[in-house]
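One structure is given below, encoded as structure tokens.
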Amino acid sequence: MDDFVEGGEVVSMGNISKEEVKKEIEKLRKEIRYHDYRYYVLDEPEISDAEYDKLMRRLQELEKEFPDLVTPDSPTQRVGAPPREEFGTVRHSIPMLSLSNAFEETEVYDFDRRVRKGLNGKKPEYVAEPKIDGLAVEIVYERGLMQVGSTRGDGEVGEDVTENLKTIKSIPLKLRDEEIPPPRLIEVRGEVYMRRDDFHRLNQERERRGESLFANPRNAAAGSLRQLDPKVTASRPLGVFFYGIGRVEGREFKTHWEILQSFLKWGLVVNPYVELCSDIEGCINYFNKISEIREKLDYEIDGVVFKVNQLEYQRRLGEISRSPRWALAYKFPSIQATTRIRDIKVQVGRTGALTPVAILDTVEIGGARVSRATLHNQDEIERKDIRIGDTVLVQRAGDVIPEVVKVIKEKRTGKERKFELPPYCPVCGTKISHPSGEVVARCPNISCPARLKESIKHFASKQALDIEGLGDKIVEALVDKGFVKSISDLYRLKKEDFLTLEGFAEKSAQNMIDALERSKNTTLDRLLYGLGIRHVGQHLARVLAERFGDIESLAKASEQQLLQIPEIGPEVAASIKDFFTSRENLRVIRELEKLGVRYEKREKPTGDKLKGLTFVFTGELDNFTREEAKEKVEKEGGKVSSSVSRRTSYVVVGKNPGSKLDKARRYGVKTINEEEFIRLIS
């Protein structure tokens, strides 16, 4: 960057004067302070984390280039927002700092180089942890008893939420001392969060009561903890993971890993995915691994955290005004962003459901370009007061269809237009129906081309019959040309039919015929899912396949028999029964069988010894393969899950068990060895 002349003269930063830089800095500070207030105090953010990070990084860059413009009240010199006046305050004996962020792999390697340079070339170990998207808290324990609990606040002073924290059952009021006695005094730090399922249930309850909805689980956790009445907090399903310490008296630790292991012995919950990495390459591998399982977790994370393990090294590295030099947050790509709704269109699904879809100004979310988002139904549009032209917060998680989280009403200009569903199907022109008690409007015409196209796309999807190469455009062309008038017609297609479609040659046409032939060998659950029975998703399709073993038995089942399955309620039972009483549906199933679609029939349970019990296996078994053990459980009416939850009945522990054993211990789930398992099933 070019030098500039002091003393009021215009200086060059490219073509930007120092005075202009000063104005930009002040504008950024004002904007960041506003968003801090919306995020920390009101729990009503207007922008995504990625957009906030962009503002902060720009301010940091400018202040780094012009250090004489840094002021004590700049957002870069503090951690968060001041505490609410309604609560008492707690001053942290050691400041609760925030972390420096990295968004690219090169920034992680730069961090490691800075660490090693600060340690005169010594190579540190790192502890890697998921970065929980919740609310940071500190709890003071004296002689093992909980004394004071507070939020991070501005890093120096937090809100006194002691009584509210006491209502969270995963926080011990007294530390365990069976294995090692806790210190005379210790300040433990953690993150309060809310699980995804609990968040959705809470929002549904709030919607029924006509209350405003939380934007995401982080806001729900923060709003729940910041209740003046602890009874309200007690009614909210909050959890906590502990990750660090403040002041300690009466004990010395050598490593961060030792702290976490001590937490477990004292009854403090530590995230089960925490790992010790020998070098920065191990940290990168950890990030990639957590990225893959991120959407399978039952709580939100927005990245991972790397910390130098050796506490002596941490002390030598020290900290800057806002963050420690020995820790780094490596953030995932954003799953939320703000954009504008250009228009609202209506899509017709395979069940005839009419779904309004927002056409957006294209925005990047989670590494993908997003230009459309579901609005679900007319009631949802009215509840959120969504209008054409609105600026909105859009969310995308994994492969889930993007959705509009909330409207940024402060951005309205008065030119926005309200939207209403049309009275007729936009594809076939049939008058739409709106069944009593349902929020979804439907096209009742079973011959509607849009319904047929969506049914075929669903049938051919990877989770169903997995017909490789049969994409949306090909399906639409096959229906438009009249080659396919029902699902079963797919297996009547000839190579010549594909050759009439644009883009097909001899080889590609033969490839499609081969893919159709391969898809004929499937499983019952895939076929049930592919048939598109209303309310039957992948999980329930597996449940039905395991319970009935073949389509004939399922088709003959009464609603009463279906209602005996724990996962099925009256509405789902009626939907399944209706599907199998439809002559057209039975005709399609018979046609599929005639055309060679087949599945391996499952054995039905022969006993009920394990009925109602759920098993998880970890480690190597001597007498069974995993599949054989699963069959044993299912034959006796039990279930096998791949993950441990508080609803798990038994964790069967073999040789060299994995992290599932640790999770079972944390959740208090009963563990048994292979001999005990054999006694249970024999």
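Quick notes on this structure:
- Within the set ARG218, ARG251, the sole residue that is touching a residue at least 60 places away in the same chain (Cβ under 8 Å), assigned to a helix (DSSP H, G or I) and under 30 Å from CYS277 (Cα atoms) turns out to be ARG218.
- Residue within region 497-505 that is part of a loop (DSSP other than H, G, I, E, B), among the hydroxyl-bearing types (Ser, Thr, Tyr) and in the same structural domain as VAL572 (by TED's automatic domain parsing) present: yes
- Filter result for the condition that a residue is under 26 Å from CYS428 (Cβ atoms) and over 28 Å from the mean Cα position of the chain (by Cα), over SER488, SER519: SER488
- Here ARG143, ARG116 are screened, and the one residue that is free of Cβ contacts under 8 Å to residues at least 12 places away in the same chain and in contact with a Lys or Arg (Cβ under 8 Å, 6 or more places away or on another chain) is ARG116.
- Counting only strands (runs of 3 or more DSSP E) wholly contained in region 583-682, the ones carrying 3 or more residues that are surrounded by 19 or more Cβ atoms within 10 Å (Cβ to Cβ) occupy 614-618, 650-653.
- Conditions (1) of a type in the set (A, V, I, L, M); (2) closer than 30 Å to LYS485 by Cα; (3) surrounded by fewer than 19 Cβ atoms within 10 Å (Cβ to Cβ); number of the one not met by ILE320: (2)
- You will find that of LYS630, LYS663, LYS670, LYS639, the residue that is in contact with a Pro (Cβ under 6 Å, 6 or more places away or on another chain) and either outside the structural domain of LEU544 (by TED's automatic domain parsing) or free of Cβ contacts under 8 Å to residues at least 60 places away in the same chain (or both) is LYS663 and no other.
- Test set (1) out of contact with any helix residue (DSSP H, G or I) (no Cβ under 9 Å at 6 or more places or on another chain); (2) free of Cβ contacts under 8 Å to residues at least 24 places away in the same chain; (3) assigned to a helix (DSSP H, G or I) - ALA509 fails condition number: (1)
- Taken over region 575-607, the criterion of being small (Gly, Ala, Ser) and at pLDDT 90 or above is satisfied by GLY596 alone.
- Hits in region 432-454 - residues which are in contact (Cβ under 8 Å) with a residue 40 or more places away in the chain and part of a loop (DSSP other than H, G, I, E, B): ILE432, VAL439, VAL440, ALA441, CYS443, PRO444, ASN445, ILE446, CYS448
- On the stretch given as region 307-333, residues that are of a type in the set (D, E, K, R) and either in contact with a Lys or Arg (Cβ under 8 Å, 6 or more places away or on another chain) or assigned to a loop (DSSP other than H, G, I, E, B) (or both) total 5.
- Meets criteria (within 17 Å of GLN314 (Cβ to Cβ) and at pLDDT below 95) for GLY246: yes
- Candidates ALA329, ALA337 - the one that is at pLDDT 90 or above and among the small types (Gly, Ala, Ser): ALA329
- Qualifying residue in region 310-321 (condition: modelled with pLDDT of 90 or more and under 24 Å from the mean Cα position of the chain (by Cα)): no
Per-residue answers, yes or no, for (1) assigned to a helix (DSSP H, G or I); (2) within 30 Å of SER170 (Cβ to Cβ); (3) modelled with pLDDT of 80 or more; (4) not aromatic (Phe, Trp, Tyr):
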| site | (1), (2), (3), (4) |
| --- | --- |
| ILE32 | yes, no, yes, yes |
| ASP36 | yes, yes, no, yes |
| ASP43 | no, yes, no, yes |
| LYS54 | yes, no, yes, yes |
| ARG57 | yes, no, yes, yes |
| LEU62 | yes, no, yes, yes |
| ASP73 | no, no, no, yes |
| ARG84 | no, yes, no, yes |
| VAL115 | yes, no, yes, yes |
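- Residues in region 424-474 that are under 26 Å from LEU524 (Cα atoms) and in contact with a His (Cβ under 6 Å, 6 or more places away or on another chain): none.
- Complete set of residues in region 260-286 that are over 17 Å from TRP326 (Cβ atoms), of a type in the set (A, V, I, L, M, F, W, C) and either surrounded by fewer than 21 Cβ atoms within 10 Å (Cβ to Cβ) or assigned by TED's automatic domain parsing to the domain that holds GLY668 (or both): LEU264, VAL269, VAL270, ILE284
- Members of region 461-485 found to be aliphatic (A, V, I, L, M) and either over 38 Å from the mean Cα position of the chain (by Cα) or part of a helix (DSSP H, G or I) (or both), listed by number: ILE474, VAL475, ALA477, LEU478, VAL479
- Enumeration of residues in region 271-317 that are free of Cβ contacts under 8 Å to residues at least 60 places away in the same chain and not charged (D, E, K, R): ASN285, ASN288, SER291, ILE293, LEU311, GLN314
- Options SER262, SER235; residue that is free of Cβ contacts under 8 Å to residues at least 12 places away in the same chain and of a type in the set (S, T, N, Q): SER235
- Within region 461-481, restricting attention to residues that are of a type in the set (Gly, Ala, Ser) and surrounded by 15 or more Cβ atoms within 10 Å (Cβ to Cβ), the residue that is farthest from ARG542 (Cα to Cα) is ALA477.
The values are calculated or read from the model by the stated rules, or taken from the named source; none is laboratory data. Every value quoted in this text rests on a predicted model; they were computed, and no experiment measured them. Methodologically, a virtual Cβ is constructed for each residue, glycine included, from the backbone with ideal geometry; neighbour enumeration extends over all protein chains shown.
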